[in-house]
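Read-outs throughout are calculated quantities, based only on the coordinates presented, and are distinct from any laboratory measurement. Just so you know, these numbers come straight off a predicted model, no measurement behind them. All Cβ positions, glycine included, derive from the backbone under ideal geometry; neighbour counts span all protein chains shown.
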Amino acid sequence: MSYSISGLPIETFRPLFGLSDEDLAARGVLRQTALAGGRYPCRITLEDAQPGQTLLLLNYEHQDAATPYRSNYAIYVNESAAETQHLVDETPPVLHGRPIALRAFDQADMLVSAELALADDVEAAIERQFAKPEVAYLHAHNAAHGCFAARIDRA
C-alpha cells in the first residue's frame with residue numbers, strides 16, 4: 001500500500017517567523033530554543049530541531065472537520081524551516097524512536113480505527129490501517145504527549 005506523509009504548509013506559519021516575543025505572545029505563541037538531548041519535532045520539516053534552533057510553540061487545529069473529532073493541540077514549528085516536507089512510502093524522523101498513535105478517518109472525517117505503534121513499527125501500522133477500505137487518511141500523534149505529528153494519505 002503506497003502512502004504519502006506531508007508536513008504542515010510553511011505558508012501558514014511563515015508570517016510568525018522572526019516576530020518579537022511580545023508580538024508572538026499576543027497571538028498565544030511562545031518561542032523556545034531547542035536544548036541538547038531534547039526532542040522538538042517540527043511539524044513542517046518532520047524533523048527534530050537541532051540544539052540552538054528556535055521553535056514556535058503554538059496551538060494548531062489539525063482536524064478542522066465539522067464532526068465530533070474536530071481537534072487542536074500544541075505543536076512546534078522550526079523558525080529555520082525552509083519548505084514543507086513531502087514523502088512517499090517513507091516515514092520521517094519524527095515518526096521514529098517514539099511511540100506513535102495512528103488515528104484513522106473515513107471520507108466523512110469520522111474516526112473508524114486507531115492503533116499504537118510502540119516498537120518503532122509505524123510503517124507496519126500504517127499499512128495495516130490502509131488495508132481497511134473505509135480508511136481515507138491517518139493522523140499520527142505522539143502517543144505520550146498527544147500532539148499532532150503528521151497527516152498520512154493514500155498515495
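Of the residues R14, R98, the single one that is among the charged types (D, E, K, R) and closer than 16 Å to H145 by Cβ is R98.
Within segment 81-97, how many residues are under 17 Å from A143 (Cα atoms) and touching a residue at least 40 places away in the same chain (Cβ under 8 Å)? Outline the logic, then answer.
At the first step, the residues of segment 81-97 found to be under 17 Å from A143 (Cα atoms) are 91-97.
Filter once more, keeping what is touching a residue at least 40 places away in the same chain (Cβ under 8 Å): 91-95.
Of the residues in segment 81-97, 5 are under 17 Å from A143 (Cα atoms) and touching a residue at least 40 places away in the same chain (Cβ under 8 Å).
Taking (1) touching a Ser or Thr at 6+ places or on another chain (Cβ under 7 Å); (2) surrounded by 15 or more Cβ atoms within 10 Å (Cβ to Cβ) in turn, P99 satisfies each apart from (1). Of all residues assigned to segment 37-52, at least one qualifies as being of a type in the set (K, R), surrounded by 12 or more Cβ atoms within 10 Å (Cβ to Cβ) and within 14 Å of the chain's Cα centre (by Cα). Which one is farthest from G18 (Cα to Cα), of the residues in segment 31-72 that are assigned to a loop (DSSP other than H, G, I, E, B) and hydrophobic (A, V, I, L, M, F, W, C)? By that ranking, first place goes to A66. Taken over segment 8-26, the criterion of being more than 24 Å from L87 (Cβ to Cβ) and hydroxyl-bearing (S, T, Y) is satisfied by S20 alone.
Quick check, is D109 over 21 Å from P9 (Cα atoms) and of a type in the set (D, E, K, R)?
Working: over 21 Å from P9 (Cα atoms): no; of a type in the set (D, E, K, R): yes.
For D109, the condition - over 21 Å from P9 (Cα atoms) and of a type in the set (D, E, K, R) - is not met.
Name the single residue, out of those in segment 1-30 being polar (S, T, N, Q) and part of a loop (DSSP other than H, G, I, E, B), that is nearest to P133 (Cα to Cα). My answer is S2.
One line per residue, one yes/no per condition, for (1) touching a residue at least 60 places away in the same chain (Cβ under 8 Å); (2) in contact with a strand residue (DSSP E or B) (Cβ under 7 Å, 6 or more places away or on another chain); (3) within 19 Å of H145 (Cβ to Cβ):
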| position | (1), (2), (3) |
| --- | --- |
| G28 | no, yes, yes |
| I44 | no, yes, yes |
| P51 | no, no, no |
| L55 | no, yes, yes |
| H62 | yes, yes, yes |
| P68 | no, no, no |
| A74 | yes, yes, yes |
| E79 | yes, yes, no |
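Scanning segment 108-151 for residues that are within 20 Å of P41 (Cα to Cα), among the charged types (D, E, K, R) and assigned to a loop (DSSP other than H, G, I, E, B) yields D120, D121. Which ones in segment 73-90 are under 12 Å from the mean Cα position of the chain (by Cα) and either of a type in the set (A, V, I, L, M) or assigned to a loop (DSSP other than H, G, I, E, B) (or both)? Once the filter is applied, which keeps residues that are under 12 Å from the mean Cα position of the chain (by Cα) and either of a type in the set (A, V, I, L, M) or assigned to a loop (DSSP other than H, G, I, E, B) (or both), segment 73-90 yields A74, I75, V77, T84, Q85. Taking segment 110-155 as the range and being surrounded by fewer than 18 Cβ atoms within 10 Å (Cβ to Cβ), of a type in the set (A, V, I, L, M) and in contact (Cβ under 8 Å) with a residue 12 or more places away in the chain as the test, the residues that pass are M110, L111, V112, A114, L116, L118, A131, A136, A143, A144, A155.
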